[in-house]
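**Student:** Okay, handing you the structure first.
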Amino acid sequence: MNVAIVESPVGRLGVVEEAGAITRLIWNAAPEGPQTPLLGEACAQLMAYFDGRLTIFDLPLHVAGSDFQRAVCDAMAAIPYGETRTYGEIAKLTGNSAQAVGSACGANPIPIIIPCHRVMGAGGKLVGFSGAGGVETKVRLLRLEGAAGLLI
């Protein structure tokens, strides 16, 4: 496992690479292992995102977990920059309950890059975020993207 660090507006982020793919993004990590070209690219893309120059990440990702977890992550990754979806909308896409989708969102191993911050509660309510800072970090990310209709 190799970990590179990005000092971002939402805290210190550790980008984890395993077997040629990004597998996790974790808050308050320490660097570990050799810094690979993929980690360098992931860090560059994250900085471009935070600078407002990047709206779509283009990185090889690997989400460990069930087919359902991967389906929810795929649905989140398809939400365009600056837009939001509800847990219920993703539930309809995946054929599961909104509660199950909420659990899968909370278990997203690669937040920001797989944008779980773009998923809202019913009626656009701000609920939960597994990253450091919780909902406040979610709001910062959505504001960065210029997401309309935030209920804050």
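The values are calculated or read from the model by the stated rules, or taken from the named source; none is laboratory data. These numbers come from a predicted model, not from an experiment. All accessible areas refer to the heavy atoms of the entire protein, side chains included, with ligands and DNA or RNA removed. Shrake-Rupley method; radii C 1.70, N 1.55, O 1.52, S 1.80 Å.
**Student:** Report the Rg/Rh value for the range 100-148, based on alpha-carbon coordinates and the Kirkwood definition of Rh.
**Tutor:** That ratio equals 0.92.
**Student:** Also, quick follow-up: Within the accessible area of the chain, what % is carbon and sulfur when the probe is 1.4 Å and the other protein chains stay in place?
**Tutor:** Values: 3880 of 7180 Å².
Carbon and sulfur: 54 percent of the exposed surface of the chain.
**Student:** Quote the relative contact order of the chain in percent (integer), defining contacts as alpha-carbon pairs under 8 Å separated by 6+ residues.
**Tutor:** RCO, the chain: 20 percent.
**Student:** Using all C-alpha to C-alpha distances in the chain, build P(r) with 10 Å bins and read off the rounded percent in each one.
**Tutor:** 11, 43, 36, 10, 0
**Student:** Would you mind checking the radius of gyration and Dmax of the range 1-74 based on alpha-carbon positions, in Å?
**Tutor:** Gyration radius and largest Cα-Cα distance of the range 1-74: 12.4, 34 Å.
**Student:** For the chain, give me the percentage of DSSP beta bridges that are antiparallel, rounded to the nearest 5 percent.
**Tutor:** Of those bridges, close to 75 percent are antiparallel.
**Student:** Accessible area per residue for the chain in Å², computed with a 1.4 Å probe and the full protein assembly in place, what is it?
**Tutor:** Roughly 47 Å² per residue, with all protein chains present.
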